[in-house]
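Notes to accompany the following structure.
The values are calculated or read from the model by the stated rules, or taken from the named source; none is laboratory data. Fair warning: this is a prediction, and the values are worked out from it, not measured in the lab. With ideal geometry, Cβ positions are generated from the backbone for all residues, glycine too; neighbour counts draw on all protein chains shown.
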Amino acid sequence: MIRRSVLALLASTAFLPITGALAQTKQLTSAETKLINDISTYNSAIHTMVGRFLQIDTKGQRIEGTFFLERPNKIRFRYNPPSREEIISVGRGFYVINRKDLTSYAYPQDKVPLREFLQDKIDLLKTNVVDVVLSKTYITITISDDTPAGTVEVSLIFDIATKDLSQWVLREPSGAETTFSLFDVQKDVPIPKSYFYIDPTYKPIQQ
């Protein structure tokens, strides 16, 4: 169900710095601290990102689309046909738009952790890191966050050489997992202003 996947996409960004997050529970080595800090600094310097994404849930449902990000506070996720839904934020809330029904519903900006990734500065060291795993080419940073629905864990996978985020895995309180992978990402490219337009004539719906 595409709407359920939209919610999972929003929730899966809980890895980003959250005001009032739990104290860090993983004792990091100096090398891990430096690498995570370097990853935060590197990603903070990226003004725009565009690319493709693939989302896979616990049941194996695959959803693809494109995304556009511009700091501060702008992002758009557009699902491929036959879906007509997309997520847009311009800083005052996250809107899920249905272009077929001409409807929308919104989440307050302060209720969606993705808001932190849209800021000018990212600091993963301020999150609740519970595990770090290093391989030859990737670092996996697992972060836990308490939410009204229970504890959520997200494992972020970064390329060590480039420091780019390549994938994350959300583990919900129910045990369900959603994997979100990025492809063909371009950084610091122009994005038309119209990509972040929210049509005010779309009928708002209640959730």
Worksheet item: Looking at the range 177-191, is at least one residue surrounded by fewer than 16 Cβ atoms within 10 Å (Cβ to Cβ), basic (K, R), without any contact (Cβ under 8 Å) to a residue 12 or more places away in the chain and at negative phi?
Response: no
Discussion item. Take I198 and tell me if it is of a type in the set (A, V, I, L, M), out of contact with any Cys (no Cβ under 7 Å at 6 or more places or on another chain), under 17 Å from S40 (Cα atoms) and surrounded by fewer than 17 Cβ atoms within 10 Å (Cβ to Cβ).
Written reply: no
Worksheet entry | Matching residues, the range 154-180, being in contact with a Phe, Trp or Tyr (Cβ under 7 Å, 6 or more places away or on another chain) and among the hydrophobic types (A, V, I, L, M, F, W, C) | V154, L156, I157, F158, I160, L165, W168, F180
Discussion item. Looking at the range 120-141 only, could you name the residues that are part of a strand (DSSP E or B) and free of Cβ contacts under 8 Å to residues at least 40 places away in the same chain?
Written reply: V133, Y138, T140
Discussion item. I'd like the residue in the range 73-90 that is more than 17 Å from K203 (Cα to Cα), in contact with a Phe, Trp or Tyr (Cβ under 6 Å, 6 or more places away or on another chain) and not hydrophobic (A, V, I, L, M, F, W, C) and, out of all such residues, is surrounded by the most Cβ atoms within 10 Å (Cβ to Cβ).
Written reply: R76
Worksheet, complete the sentence: Of the residues in the range 110-119 that are touching a Leu at 6+ places or on another chain (Cβ under 7 Å) and assigned to a helix (DSSP H, G or I), the one that is modelled with the lowest pLDDT is L114
Worksheet item: Looking only at the range 160-176, which residues are surrounded by 11 or more Cβ atoms within 10 Å (Cβ to Cβ) and either of a type in the set (K, R) or more than 21 Å from E70 (Cβ to Cβ) (or both)?
Response: I160, K163, Q167, V169, L170, R171, E172, P173, A176
Item to complete: Out of T103, T140, report the one residue that is at pLDDT below 85, surrounded by 14 or more Cβ atoms within 10 Å (Cβ to Cβ) and more than 14 Å from the chain's Cα centre (by Cα).
Response: T103
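Each row is one residue, and each column tells you yes or no for (1) surrounded by 14 or more Cβ atoms within 10 Å (Cβ to Cβ); (2) modelled with pLDDT under 85; (3) under 22 Å from P204 (Cα atoms).
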| position | (1), (2), (3) |
| --- | --- |
| A21 | yes, yes, no |
| A31 | no, no, no |
| M49 | yes, no, no |
| F67 | yes, no, no |
| R92 | no, yes, yes |
Worksheet entry | Search result, residues across the range 179-199 that are aliphatic (A, V, I, L, M), modelled with pLDDT of 95 or more and either closer than 17 Å to G91 by Cα or part of a loop (DSSP other than H, G, I, E, B) (or both) | V189, I191
